[in-house]
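In what follows, a single structure is set out as structure tokens and then discussed.
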Amino acid sequence: MKYINVAGHRLSAMSLGTVQLGMNYGIANTGGQPDEAQSFDMLDAAFECGITSLDTARAYGNSEEVIGKYFASRGGEIPFITTKVVDIEGETAAEIESSVFSIVETSLEKLGLTKVNCIMLHESKDLFERGKHIASAMENLVKKGYTDIVGASVYTAAELGKMFEYDVYTATQVPMSIFDQRLIASGMTDTLAERGITAFVRSVFLQGLFFLDPEKITDPILVEYAVPKIKLLRECAETEGMSIAELAISYMRDVKGVSSLVLGADTATQVKANAAYFETKAISEKTSHLIKQSFADVNIPEIMKVLSRAKN
């Protein structure tokens, strides 16, 4: 596992995404939300594998509570923790700051901590609506010792561009994968590197879509837009002598400007497997070029219509 230094802390190349600890999440997840014991096993596995970073949010069900209970029962060194604020209320600067601080204080209470390492805006609209006042409130979180750095979770190059207007934001979380290379094509990943932004990448496996058997997919949207690409993905992995997971991680891990890949899991075994994939060799230049060209036209908005459906 490789590490970089962020605000005086070791940040691992893999961050454990903890949305699964708080809710039933992921198109390939057939086991539902893990219970407390299973969640604790997953966290144990992460730290045993050298993972030093956890990603959570107020919007992830009871994920923060599970993490807080874990550290209360286990003790030990606290890793680099990122959480996110959502549903910010108010219009004036004072109202907005009060709301932001209240949300963060609730998260800290759930986590059993007095400080986390990174706090992000969960909704990119907060960069555009009341953006100046919200940026000021986020800056004050750093000044008053609630966090080391602040940033924003975004989807598009335009949203990243808006974030860049506020110097206080030095971290971001973005969706990228072999299927979704829009930010790479736009040049934004190079900009992230140039500006020294700590960039967390989510949706590396598109919520597990990569691992579905293309012959068993029946949703008409996925049949049209995802199945042909999943088949091609399998061919690329076979060419490289890799599993699909190894190919997906290796490709995104080596993109300039990427700091850490946020990977969720349903079991401790999956956590260990994901961590091991980070030791995978780099993809050959030939296959890397093929991936860049062959997956440039994936219709991510259509695919996300299916992945965004609520699970029962």
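The values are calculated or read from the model by the stated rules, or taken from the named source; none is laboratory data. Bear in mind that the values here come from a model prediction, so they are computed numbers and not experimental data. Virtual Cβ from ideal backbone geometry, glycine too; neighbours counted across all protein chains shown. Ligands, DNA and RNA are stripped out before the accessible areas are found, and what is left, the full protein with its side chains, is counted by its heavy atoms. Shrake-Rupley method; radii C 1.70, N 1.55, O 1.52, S 1.80 Å.
If you scan the range 167-215, which residues turn out to be β-branched (Val, Ile, Thr) and either over 16 Å from Ala248 (Cα atoms) or surrounded by fewer than 23 Cβ atoms within 10 Å (Cβ to Cβ) (or both)? Before the answer, list the steps.
Initial filter on the range 167-215 (β-branched (Val, Ile, Thr)): 168, 170, 172, 174, 178, 184, 189, 191, 197-198, 201, 204.
Those that are β-branched (Val, Ile, Thr) and either over 16 Å from Ala248 (Cα atoms) or surrounded by fewer than 23 Cβ atoms within 10 Å (Cβ to Cβ) (or both): Val168, Thr170, Thr172, Ile184, Thr189, Thr191, Ile197, Thr198.
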If you check Thr83 against the conditions, is it surrounded by 23 or more Cβ atoms within 10 Å (Cβ to Cβ) and not in a helix (DSSP H, G or I)? yes
From Gly151, Gly145, Gly131, residue being under 25 Å from Gly75 (Cα atoms) and touching a residue at least 12 places away in the same chain (Cβ under 8 Å): Gly145
Within the range 51-61, track down each residue that is assigned to a loop (DSSP other than H, G, I, E, B) and either open to solvent by 20 Å² or more (accessible area, probe 1.4 Å) or closer than 13 Å to Val19 by Cα (or both). Thr52, Thr56, Ala57, Arg58, Ala59, Tyr60, Gly61
State all residues of the range 100-153 that are in contact with a Phe, Trp or Tyr (Cβ under 8 Å, 6 or more places away or on another chain), open to solvent by 30 Å² or more (accessible area, probe 1.4 Å) and aromatic (Phe, Trp, Tyr); if no residue qualifies, say none. Tyr146
Could you run through the range 218-268 and say how many residues are more than 15 Å from the chain's Cα centre (by Cα) and either in a helix (DSSP H, G or I) or surrounded by fewer than 15 Cβ atoms within 10 Å (Cβ to Cβ) (or both)? 31
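Quick grid of which residues meet (1) among the hydroxyl-bearing types (Ser, Thr, Tyr); (2) out of contact with any Gly (no Cβ under 7 Å at 6 or more places or on another chain); (3) at pLDDT 95 or above:
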| residue | (1), (2), (3) |
| --- | --- |
| Thr30 | yes, yes, no |
| Gly61 | no, no, no |
| Asn117 | no, yes, yes |
| Leu121 | no, yes, yes |
